[in-house]
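Read-outs throughout are calculated quantities, based only on the coordinates presented, and are distinct from any laboratory measurement. Not measured: the values here are computed from a predicted model. So basically every Cβ, Gly included, is an ideal-geometry build from the backbone, and we count neighbours across all protein chains shown.
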Amino acid sequence: MTHTMVNVSREKKEKTMSRKIVYAFMLALVLVAAGAVIASALELTPQEQLGKDIFFDKNLSINNNQACAACHAPEVGGTGPDSMINAHGAVYEGSIMGRFGDRKPPSSAYATQSPILSMTKGVFLGGNFWDGRATGERLGSPAAEQALGPFLNPLEQALGSPADVVGRICASTYQNLFRHVCGSAACDPANVNAAYDCVGLSVAAYEGSPEVNQFSSKYDAVVNGTAKFTKLEQDGFNVFWGKGRCNKCHTVNPRGKQALFTDYTFDNLGVPKNPENPFYFADPQFNPLGMAWLDQGLGGFLASQMMHPDWVPLAPENYGKHKVPTLRNVDKRPAPDVVKAYGHNGYFKSLKGIVHFYNTRDVLQVCPEWSTEAYALANNCWPAPEIAQNVNMKLLGDLGLTADEEDALVEFMKTLSDGWKP
């Protein structure tokens, strides 16, 4: 090879390398710009940031050891993150050791979409908590009213008063942001009620932000035309929409974007008692009925209503009914072996288990009372409902799904987890 040929070859290599460097630099600029757009889209407003600071602040509990996130963790879609707890009682311990609530934590993600609790033709819709008691009437937001509940609940964060909550925030590292959002006089004791309401509204603002309500699941990508279901996932969606009747309550328009997979109503699905619920063994001051306690759900809340005396007579027909939850993030978990619990009391320990219950509740023999889900599945039976009144006999219990259809339905629901990547 001549000297001239060597130089030409070297020049070609250098030009090629130069082009590659330029292309790489241009690609980096594009990625940085794209990242900036995404960051801008997810940037929190001051109120949302305040809500986030409050949401993750362990000091807003009597023993400085429990934040809202303890029961509503992002990595599992805004519900309880502890695999061991979920595998058993599914109810979380509060700030005070040995004190437990009575239900599985509901999802805080997508909760802000729920409307103010109302009743039309005897059907209740909206509100937050499993029993709808955070009606949203006072603050105009069920999520904001729900956010204020755990701070003062003796079984949860157990603080003594709104003044205690506000005082701790006013001594926090984000106190200036609190004053900026809630007013310069937010830490004045004379303004404690308004400041406390601002706490709830700020947490609700964070829970309604794009950081929490991401709409970034595979389902969203399919709806937006940037992904396709596998055959099994598509089969599952067909079951969801058709034979499984899931869409009757977990509503979704197949052409509609940002579906929430709930109709915000209440239902008694005939879920059995969770024999491992620690609330059965709680201090008598919190549960004087012990093992005889029954979770009356919406009906229990209506029976105690003072603001709506016209709702009280409707309590009996709503005993045992609980909020229809969103299916968004229903399978979101940090690892495949992390257990998530399902149902208002966490009786079910897998999507397969609860789907099988929906399918066969009225077909299989009756298990002994206090049987766990593991026993029921192993013995091909289901225990009697916790509350036999008002059980939904129309939309579930004998769906006639095959095992393959159950599996397909589970695969479809897995596409509803945020954070999906191709």
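Residues with beta-carbon under 14 Å from that of residue 95, excluding residue 95: net charge, scoring Lys, Arg +1 and Asp, Glu -1?
Numbers: positive: 58, 99, 168; negative: 57, 93, 156, 164.
Neighbourhood net charge equals -1.
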* Counting only DSSP beta bridges with both residues in the chain, tell me the antiparallel percent, nearest 5. => 70
* Structure fact -> In debye to the nearest 20, the charge dipole size for the chain, taken about the Cα centre with +1 at each Lys and Arg Cβ and -1 at each Asp and Glu Cβ, equals 1640
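Neighbour counts of other C-beta atoms within 10 Å: give me 280, 375, 206 arranged from fewest to most. Can you show the working numbers first?
On the way: 280 20, 375 14, 206 26.
So the residues, fewest neighbours to most, are 375, 280, 206.
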* Asked: Taking K and R as +1 and D and E as -1, what net charge do the other residues with C-beta under 13 Å from the C-beta of residue 204 add up to?
  -> -2
* How many angstrom lie between the C-alpha centres of region 123-192 and region 329-401? -> 34
* Asked: Say the dipole of region 139-244 comes from +1 at the beta carbon of Lys and Arg and -1 at that of Asp and Glu; which of 176, 162, 142 then lies farthest toward its positive end?
  -> 142
* Asked: How many angstrom lie between the C-alpha centres of region 64-101 and region 269-293?
  -> 17
* Provide the net charge surrounding residue 355, with neighbours chosen by a C-beta distance below 10 Å and charges set as Lys +1, Arg +1, Asp -1, Glu -1. => -2
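What helices does the chain hold that run 20 Å or longer along their axis, going by alpha-carbon atoms, with a Kyte-Doolittle average of -1.0 or more, using DSSP H for the helix calls?
Details: long enough: 3-42 (58 Å, 0.67); 192-207 (23 Å, 0.74).
Sorted by number, the helices that extend far enough and score high enough are 3-42, 192-207.
Kindly identify the chain as rounded, prolate or oblate by the Cα gyration tensor criterion: order the square roots of the eigenvalues as a ≥ b ≥ c, call it rounded if a/c is under 1.5, otherwise compare a/b with b/c, prolate if a/b is larger, else oblate.
Details: a/c = 2.17, a/b = 1.33, b/c = 1.63.
Taking the square roots of the gyration eigenvalues as a ≥ b ≥ c, the chain is oblate.
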* Can you sort 416, 294, 232 so the residue with the fewest Cβ neighbours within 10 Å comes first? -> 294, 232, 416
* Enumerate the calculated ³J(HN,Hα) couplings along region 93-106 in order (Karplus 6.51 cos²θ - 1.76 cosθ + 1.60, θ = phi - 60°), each rounded to whole Hz, writing x wherever the residue is Gly or Pro. => 6, x, 5, 8, 4, x, 9, 10, x, 10, 9, 5, x, x
* To do: Pull out the extension gain between residue 308 and residue 384, defined as 0.36 nm times the separation in residues minus the alpha carbon to alpha carbon distance; nm, one decimal.
  => 24.1 nm
* Other-chain or far-sequence residues with amide H under 5 Å of residue 321's (modelled H) -> 298, 299
* Structure fact -> Straight-line reach check, residue 394, cutoff 13 Å on alpha carbons, 8 or more apart in-chain or any other chain, hits among aspartates and glutamates -> 267, 362
* 5 angstrom amide H check on residue 348, placed H, neighbours 5+ away -> 342
* **Long-range amide H partners of residue 79 with built H, under 5 Å** => 73, 108
* Asked: Along the charge dipole of the chain, Cβ charges K/R +1 and D/E -1, which of 111, 130, 377 sits furthest on the positive end?
  -> 111
* Structure fact -> Largest fluctuation, 303, 335, 195 only, Gaussian network model of the chain with Cα springs under 10 angstrom, belongs to 335
* Sort by residue number and name the cysteines in the chain that have no neighbouring cysteine Cβ under 4.7 Å. => 68, 71, 246, 249
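Order of 93, 317 from fewest to most other C-beta atoms within 10 Å?
Working: 93 19, 317 13.
Listing 93, 317 from fewest to most nearby Cβ atoms yields 317, 93.
Within region 98-137, list the trypsin sites (Lys or Arg not before Pro) lying in a DSSP loop whose Cβ has at most 13 other Cβ atoms in a 10 Å radius.
Numbers: sites: 99, 103, 121, 133; in loops: 99, 103, 121, 133.
Those satisfying the criteria are 121.
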